[in-house]
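Q: Pasting in a structure now, in structure tokens, and then I'll have a few things to ask.
The values are calculated or read from the model by the stated rules, or taken from the named source; none is laboratory data. All of these numbers come straight from a predicted model, not from anything done at the bench. Neighbour counts are summed over all protein chains in view; Cβ atoms, including those assigned to glycine, are modelled from backbone coordinates with ideal geometry.
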Amino acid sequence: MTSPDFEKALKIGRPPNIKRLFPNSRALIVSGKYIDRALTAKGSAMTMAANGRSYFVIKGALKAAQKANAALIIEIARSEGGANAYCPVSYWNIARHVDALCNEMGITVPIAVHADHYGIKKEDDIGPAKIEIPTIFDAGITSIAIDASHMPDDKNLLANIELNRYIPEWAGLETEVGEIKGSTGLSTVDDASFLIKGLNAHNIFPNWIALNNGTTHGLEASGQGIQTGLTAEIHNALLPYKTSGAQHGTSGNSSEKLREIASQTRTTKANVATALQMISWGLEVNDDGNATLDNDGNFIKVKGEGVTEEMWARMVAYADEKGIKGGNYKKLNLPFENRLLGQPIEVRDRMVKRVEAFVYNMLVNIFNARDSASPAIDDIIKCGSYDPGPNAERIEDPDNWTPEKIIERAATLDSDNGEKGNFDD
């Protein structure tokens, strides 16, 4: 069923690239800005940014969002779906997956399609990025995370500034700080403020900032977990700049910890990747969404759930042959997607339903995202455009943030970087 408000939002809320690609579509694919604004309006809430590593994950997440009436983000990271992808879903086909499934299933909640972790690890990466970033927007991306956080603070900021001209003004924007510090060197107020203030001086107003706040990506093993107090402290320091938080690496963090992040910080976007992959395959996961292991350190397949037992045996044999272990099971996505799509319909359906149940529970009972679709649709109608405009205004003096002064300022930041970070997903 649809409503008059949905029809209005569908008419005016889809960005130009989406209208061009899908002129006859009834999928409400919108700028990431609207998703952030909707969760901010709801308050003490964040929605899932589901890493769509496969068709099954995307379909299950969309079904859950519709059931919860929740605004949603479907994303893929550069390592997962870039030029050297290990997933069949890519920057260049993810919007087509989302659009097709939304139309097939009658999805009416707003969805952003996010290019997560567009990684810039060295200055030489900037030139090729200027060519590639426009192509992913041509392909239907509506939001992007520029992740130059593996470089020193000054180079991170300067890369964000230089690449911003290649991102449409209407698109959602995420930036990131702290990865260079590794799993033991947490982000600070100074780190985050430096990045956001410098961007503000150049009329760049990110919707989200991702921090190194005590968690890692993939299978969580550190035991440290997300630092809610630190996250809240940094978010409060950034209040004048109206930048929300993006929580990365949720796998392995307890439901209670994630509820704290939703209720006690200004986080509106929570990435979930590895858990969804494992759940779709039919692996046993704990209450924190982390895959459980047997006494020999192997994943536990739940009989009659996810893929068939025969298929799982083939996947394990392939992993053993290639020397793939633990979190690197993610590399099975690309070689096995078509094999999984070739399973009987009842098997494919149970893979999707398992993802749907997990995502629905997260959206409703942990993230407090239920009914966040409604304020997003109301906001689109109120703004009367696919672009609600910037979420902030410039308050920093650009004369204080020239390249030379950025380098000088960065030299005063804490240089205790801990172990080197390399967190792609």
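Q: Going by the conditions given, is Val352 part of a helix (DSSP H, G or I), touching a residue at least 24 places away in the same chain (Cβ under 8 Å) and touching a strand residue (DSSP E or B) at 6+ places or on another chain (Cβ under 7 Å)?
A: Spelling it out, it is not the case that Val352 is part of a helix (DSSP H, G or I), touching a residue at least 24 places away in the same chain (Cβ under 8 Å) and touching a strand residue (DSSP E or B) at 6+ places or on another chain (Cβ under 7 Å).
Q: Restricting to region 1-20, give me the number of residues that are modelled with pLDDT of 95 or more, hydrophobic (A, V, I, L, M, F, W, C) and either surrounded by fewer than 17 Cβ atoms within 10 Å (Cβ to Cβ) or over 17 Å from Asn93 (Cα atoms) (or both).
A: Residues in region 1-20 being modelled with pLDDT of 95 or more, hydrophobic (A, V, I, L, M, F, W, C) and either surrounded by fewer than 17 Cβ atoms within 10 Å (Cβ to Cβ) or over 17 Å from Asn93 (Cα atoms) (or both): 4 in total.
Q: Looking at region 265-279, can you tell me whether even one residue there is closer than 17 Å to Leu186 by Cβ, β-branched (Val, Ile, Thr) and out of contact with any Phe, Trp or Tyr (no Cβ under 9 Å at 6 or more places or on another chain)?
A: Scanning region 265-279, I find at least one residue that is closer than 17 Å to Leu186 by Cβ, β-branched (Val, Ile, Thr) and out of contact with any Phe, Trp or Tyr (no Cβ under 9 Å at 6 or more places or on another chain), so the answer is yes.
Q: Then there's this: Would a scan of region 60-74 turn up a residue that is in a loop (DSSP other than H, G, I, E, B), touching a residue at least 12 places away in the same chain (Cβ under 8 Å), crowded, with 24+ Cβ neighbours inside 10 Å and not β-branched (Val, Ile, Thr)?
A: So far as region 60-74 goes, yes, one or more of its residues are in a loop (DSSP other than H, G, I, E, B), touching a residue at least 12 places away in the same chain (Cβ under 8 Å), crowded, with 24+ Cβ neighbours inside 10 Å and not β-branched (Val, Ile, Thr).
Q: (1) in contact (Cβ under 8 Å) with a residue 40 or more places away in the chain; (2) under 20 Å from Gly252 (Cβ atoms); (3) of a type outside the set (D, E, K, R): which one isn't true of Val307, the others all being true?
A: With (1) in contact (Cβ under 8 Å) with a residue 40 or more places away in the chain; (2) under 20 Å from Gly252 (Cβ atoms); (3) of a type outside the set (D, E, K, R) applied to Val307, the lone miss is (2).
Q: Need pairs with beta-carbon distance below 6 Å; first residue within 18 Å of Gly140 (Cα to Cα) and within region 154-172, second surrounded by fewer than 20 Cβ atoms within 10 Å (Cβ to Cβ); sequence gap 6+ or separate chains.
A: Sorted first by the residue in region 154-172, then by its partner, the pairs are Tyr166/Lys130; Tyr166/Pro134; Trp170/Asp387.
Q: Mind listing whichever residues of region 376-392 are more than 23 Å from the chain's Cα centre (by Cα) and touching a residue at least 24 places away in the same chain (Cβ under 8 Å)?
A: Hits for region 376-392 are Asp378, Ile381, Gly384, Ser385.
Q: Of the residues that sit in region 121-156 and are crowded, with 24+ Cβ neighbours inside 10 Å and polar (S, T, N, Q), which one is nearest to Asn24 (Cα to Cα)?
A: Thr142
Q: Next question, about the same structure. List the residue pairs whose Cβ atoms are under 7 Å apart, where the first residue sits in region 37-48 and is among the charged types (D, E, K, R), the second is crowded, with 18+ Cβ neighbours inside 10 Å, and the two are 6 or more positions apart or on different chains.
A: So the pair list comes out as Arg37/Asp379; Arg37/Pro388; Lys42/Ser372; Lys42/Pro375.
Q: Looking at region 100-120, is at least one residue crowded, with 24+ Cβ neighbours inside 10 Å, part of a strand (DSSP E or B), at positive phi and modelled with pLDDT of 95 or more?
A: Within region 100-120, one or more residues are crowded, with 24+ Cβ neighbours inside 10 Å, part of a strand (DSSP E or B), at positive phi and modelled with pLDDT of 95 or more.
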